[in-house]
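The values are calculated or read from the model by the stated rules, or taken from the named source; none is laboratory data. Quantities reported herein were computed from a predicted structural model and do not represent experimental measurements. All Cβ positions, glycine included, derive from the backbone under ideal geometry; neighbour counts span all protein chains shown.
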Amino acid sequence: MSFNERKSIVVKLGGTEGLDYTAICTDIAKIIEAGHSIVVVHGGSAETNQLGEMLNIPQRTIVSPSGHTSRYTNLETLEVFIMAVNGKINTKLVQGLQKQGLNAFGLSGIDGRLIHAERKKTIISIENGKKRVIRDDMSGKITHVEQNLLSILVENNYIPVIAPLAISPDGEILNVDADRVAAHITNSIQADLLILLTAVPGILKNFPDENSLIKTLKINQLDDVISKVVQGRMKKKVLAAKEALLGGVEKIIITDGRVNSPITKALKGNGTWIG
């Protein structure tokens, strides 16, 4: 893929500890100056966990029968999640981009009904080797993204910075997976590239050995990677990559967000390239 011509890029910042948001904002400014357009999506797992500890609201993880992990989001946890991702992280990222002279526009999926989702009425969790049915979780499955709203922002030189919340048909606020948000947004605006910044160099064949980086993957290899190679949160990232490819994006890069100029380095070959 050549980046000598203008490209539309969706960048997703992981919510884990270790990412240098200042370096990322500086790099985004360089990418914009080079003529590309960027939409930013972010997570917030580490900040949510820290805030939950401060408020004495323990955070729990759900493990699905297929091994995917997600946050157990009852109403109390949802409020903590909203404060962390939409209140703190989104605002700090907008501030960081504004310092770079970029007119960043912070919003979540409930603003302008940007992200529509159906609430998951029941979730199966594996706990101590047994299945448990959870009915009070406030997470959702994305059904639609309002492409027109994003197009208006991008065409008027705003940098959308999007927190992973969605709205249900009943007007409920829902927690939605940020990697899946990034994939849906990539497809909705027909972006050329999706970059997932995380706290590892990319997809590792032998996690946590960072020397076991898998440099390239094709879409027909992803099911095996999900079932046999990746663990924990990386499963969702590979699943999001598959969804983005099926939606028409050219390439997905899963790469290290802990380094200086992480996006620029990804465009030069860092990370795992999928597609």
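Quick notes
- The number of residues in the range 2-46 being among the aromatic types (Phe, Trp, Tyr) and either closer than 19 Å to SER108 by Cβ or surrounded by fewer than 16 Cβ atoms within 10 Å (Cβ to Cβ) (or both) comes to 1.
- Test: residue in the range 79-93 that is farther than 25 Å from ILE24 by Cα, surrounded by fewer than 18 Cβ atoms within 10 Å (Cβ to Cβ) and of a type in the set (A, V, I, L, M): no
- Taken together, ASP192, ASP224, ASP179 contain a single residue that is touching a Lys or Arg at 6+ places or on another chain (Cβ under 6 Å) and closer than 25 Å to LYS141 by Cβ, which is ASP179.
- Summed over the range 49-68, the residues that are buried (at least 18 other Cβ atoms within 10 Å of the Cβ) and either among the aliphatic types (A, V, I, L, M) or on the phi > 0 side of the Ramachandran plot (or both) give a count of 2.
- Close Cβ contacts (under 9 Å, 6 or more residues apart or on different chains) running from residues in the range 230-248 that are at positive phi to residues that are part of a helix (DSSP H, G or I) and crowded, with 20+ Cβ neighbours inside 10 Å comprise GLY248/THR186; GLY248/ASN187.
- Inclusion of ARG71 among residues that are under 30 Å from CYS25 (Cα atoms) and either at pLDDT below 95 or loosely packed, with under 13 Cβ neighbours inside 10 Å (or both) is warranted.
- The criterion of at least 3 residues that are farther than 26 Å from ASN187 by Cα and of a type in the set (D, E, K, R) is met by the following strands (runs of 3 or more DSSP E) wholly inside the range 60-171: 130-134.
- When THR186 is tested against (1) part of a helix (DSSP H, G or I); (2) more than 16 Å from VAL41 (Cα to Cα); (3) of a type outside the set (Gly, Ala, Ser), just one condition goes unmet, and that condition is (2).
- Meets criteria (free of Cβ contacts under 8 Å to residues at least 12 places away in the same chain and hydroxyl-bearing (Ser, Thr, Tyr)) for SER212: yes
- Yes/no for THR48 being modelled with pLDDT under 95 and in a loop (DSSP other than H, G, I, E, B): no
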